[in-house]
1. Please determine, by comparing only the residues of the range 408-428 that are in a helix (DSSP H, G or I) and open to solvent by less than 40 Å² (accessible area, probe 1.4 Å), which one is nearest to residue 41 (Cα to Cα).
2. So, in the range 472-521, exactly how many residues are touching a Pro at 6+ places or on another chain (Cβ under 6 Å) and not in a loop (DSSP other than H, G, I, E, B)?
3. Out of curiosity, is residue 389 aliphatic (A, V, I, L, M), assigned to a loop (DSSP other than H, G, I, E, B) and open to solvent by less than 10 Å² (accessible area, probe 1.4 Å)?
4. For the list (1) buried (at least 19 other Cβ atoms within 10 Å of the Cβ); (2) of a type in the set (Asp, Glu); (3) within 27 Å of the chain's Cα centre (by Cα), I need the number of the one condition that residue 658 fails.
5. Counting just the residues of the range 177-211 that are out of contact with any strand residue (DSSP E or B) (no Cβ under 7 Å at 6 or more places or on another chain) and crowded, with 21+ Cβ neighbours inside 10 Å, which one comes out farthest from residue 290 (Cα to Cα)?
6. If you scan the range 571-608, which residues turn out to be open to solvent by 40 Å² or more (accessible area, probe 1.4 Å) and at positive phi?
7. Going by the structure shown, is residue 339 under 14 Å from the mean Cα position of the chain (by Cα), open to solvent by 10 Å² or more (accessible area, probe 1.4 Å) and aliphatic (A, V, I, L, M)?
8. Considering only residues that are in contact (Cβ under 8 Å) with a residue 12 or more places away in the chain and part of a helix (DSSP H, G or I), look in the range 179-201 and name the one that is farthest from residue 251 (Cα to Cα).
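The values are calculated or read from the model by the stated rules, or taken from the named source; none is laboratory data. Since the model is a prediction, treat every value here as computed from it, not as a measurement. Methodologically, a virtual Cβ is constructed for each residue, glycine included, from the backbone with ideal geometry; neighbour enumeration extends over all protein chains shown. For the accessible areas, the whole protein counts, side chains as well, though only heavy atoms, and no ligand, DNA or RNA atoms are used. Shrake-Rupley method; radii C 1.70, N 1.55, O 1.52, S 1.80 Å.
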Amino acid sequence: MRKITINLFLTILLFFPFGLCVCQNIDIGNLPVEKFHNITLEMSLKPFKSKDKAYIKAVCQKAFSQWVSLLKHADTVSVMLWTADGSEILSYTGNLSQRLEWAMYIGNPNTEHEVNSKPETLSLHERAYTYMDNPPEFSYADLRFVVNTLKKEGEKITGKPVRVGATFDPGPEFAKSPFKYKIHPEICMGNTMGTKTFVCCYATLNEDGERYAGFPDGIPQGTPFGTFFGRQSQIFLTDMGFDFIWFSNGFGFGMETWSATGAIFDGKKFQYEKLDDVRGKINDFWTKFRNECPDIRVETRGTNISVGADLAKDGVDIRTIYNGGFNLLPPPNSPWAALDGDFGLEMAGYMSRIAELPDERYLFRFYTHDPWWANSPWLDRYGREAHDIYLPMSVARINGKGEMKLPTHLNFLSIDDSYGNMPDQVPDEVIPHILQARRISPDKAGLVVWVYPFDEYHDWTFNKPERIEEVFYGDWFIRQAMNDGFPINTVVSTTNFSGLIKDGYSGFDESVIVTIVPEAGSVAEASIIQFVKNGGKAIIYGPVAFASKEFLDFINISVREPLSGEFFVSSLSDFDNVKKPSPLLLRHNESMSGGGIETVSSGKDPKAEILVNVKHGNEKRDIVVLRKDEKWNGGAICYVRGTNSATFRGGKLLTPDDPESFFTGGSLMRYGLDKIGYSIHYDKPLASLRNPVNVISRHDNAFYFAGYVPNQIVEHLFHFPQGAPVFTGMDTELKKGFSAYRLPKSWSKECRVFVEQNEGILSCHELAPVELNIKRKINITGLKDATVRFYAGNDETRFKAMSANNHHPARPDTLVSVKNAGNYYEYKNVTGQLVFSW
């Protein structure tokens, strides 16, 4: 729907020039959309099925026209061209008439089986096909024409500056690459898609007498790949007219960019002694590349993992890369994890990478089509469900000034499918979700804020390698907690958090902060204690071996001998209702969980609650402890030791423990949140049914809940300190004060109404305003002697509450401001309905 502005004053003057009417402009319709700095449409050469120049021009026109309703919300428009796999850069001689090897395939063309060969029983990973009969042959001159035409036609259609970028992929997926796999296989050090299949950025090249654009006399022995690639890129990008280059699939960020293992962690142990050497090689690549290609913008895809895990398993010093002055756009959310519903990994990785930034720019990327592997995720993998839009687009970072910062860049991989088609259906269906998610993007901290130890993880990895297991563990544990439904959407670094608390920042007052046990005597330690004593709520997770005595006393914890193995878990009161629950058996692997379980309640505060303990033989450990103090003005701190219930058993990622055999350690974060007052429970028949993923963000004083529900049999139950959340546009049955919902696979709902009422059926729906200068009306029915709390919009000058839709306020307004709950209107002893308007 488009935004409509009505000026009744002008209208009345036109018809009644002698009358006087005092009215005001009221915006009726959608919320504004914050502009993106840049929107990038990614595409391959496959839509260019003919070299005819008129045909190429028409394809370019269609590419922009399909997305024009979204592109108007960008300052700049870009096209990222997946020409081949980057070998077109490596093999470029400087001759524009040179034949261009391009990505004309479906499947992997770099296997032992010829393209289009039999038998048909071979998979696409074993043998590729050309995407059409007799695909066109392109030269580098043709590529330059395509780049130039994209710019010209894009600027005509959008009226905006248009950039075009090239791509480099380290793997074998997209086009034939004799350079990688026959001439210089020594650069393929990664085993990502099989043995020696991925180019490693810090490889060195063997001698080669062939001519290359940047090395007309051949490649000398031992030439660093960064030097060769940088020089080739500078010439190729300039000759073709490209404006930027994209480093794909983790290139530039380690050796094993898709895996939980790497140059440091082999799946069994961490080889600390390699850290300095590997870090130096990665950083040296960036320096050497920039020495040869100094100014052309680099945009990055990053790994499939996270900052902490990449540090510990592959020695990736992303802090130095960010601070190196390399003119790069940091990595976005990985689209890979979401394809398997692993939103915990996608979201944890995304937030870890944006906790600190080179500048204020960062990127959200959405997977619409795949131009290589015969799938179109929007249509098939996602089933036209928008969970991978609403979940990551609820994410925001808080910078050192306390400002909420949204993604400045938006990418679509890709606008064409594996057959070179660009169906209108995909932009027609995706664009409305993107715009709605942007309209309701966070404008304040969400319910749960991850205070991410960006600097600590870097410092510990390279200066205190004995803590590397803790660095590895942290992000994997949060991944598991989020996959269990723990609702993180906001991130701030510990450094920025500490600075803000020192300056008296109040933006975390309505949130629960979540962070690791701080280092003894650190600024972060003092900031956390100050925050909680001033009324804040916090959940602290992880090992405590390096905590100060002061902080241990603050969380009511003492240290004992670390224990590992299998533990019996005490029962969890008033939590999920699982008909056939997991056994209360916790498997704690010390190498996956930052050491053994070493915590017991200290007894310093007799009022502190031991919420969960575990037993190992005759030994007992306390793993969830909650402390409150009446002097803290409502503040609370919950300590969760945290077990990463997953281990490396081969393959790419850590494998979770079987929930039918073992208790899931990540669920204790949601349990701790529950005991602080924010309850998210599940009702399901089997422990093996995956729990929904949730986020809870804030916009215009409302709460926005969104989620991914792997199995719609699972029922959600919610209760907050303000009451049961009642979603706009939905009905709910109250069960013991909890609002209960059966939700679809992907969902996003506004919540402004909270109700304290034990039982009953509530309905909360939008009404037509039908009243001058009123933008919205929300009606809630089914109330029985209830307390209702309503969060009006930030512009509440015309707010009123009525017992019916009769335009007359029938109840006194009580505006309540609560430090931990924000500003809302409260109504007690309500029976029947309430209508809220503003």
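1. 427
2. Summing the residues that are touching a Pro at 6+ places or on another chain (Cβ under 6 Å) and not in a loop (DSSP other than H, G, I, E, B) in the range 472-521 gives 2.
3. For residue 389, the condition - aliphatic (A, V, I, L, M), assigned to a loop (DSSP other than H, G, I, E, B) and open to solvent by less than 10 Å² (accessible area, probe 1.4 Å) - is not met.
4. So residue 658 meets the others, but not (1).
5. Result: 177.
6. Correct list: 574, 603.
7. The answer is yes for residue 339.
8. Among those residues, the one meeting the criterion is 183.
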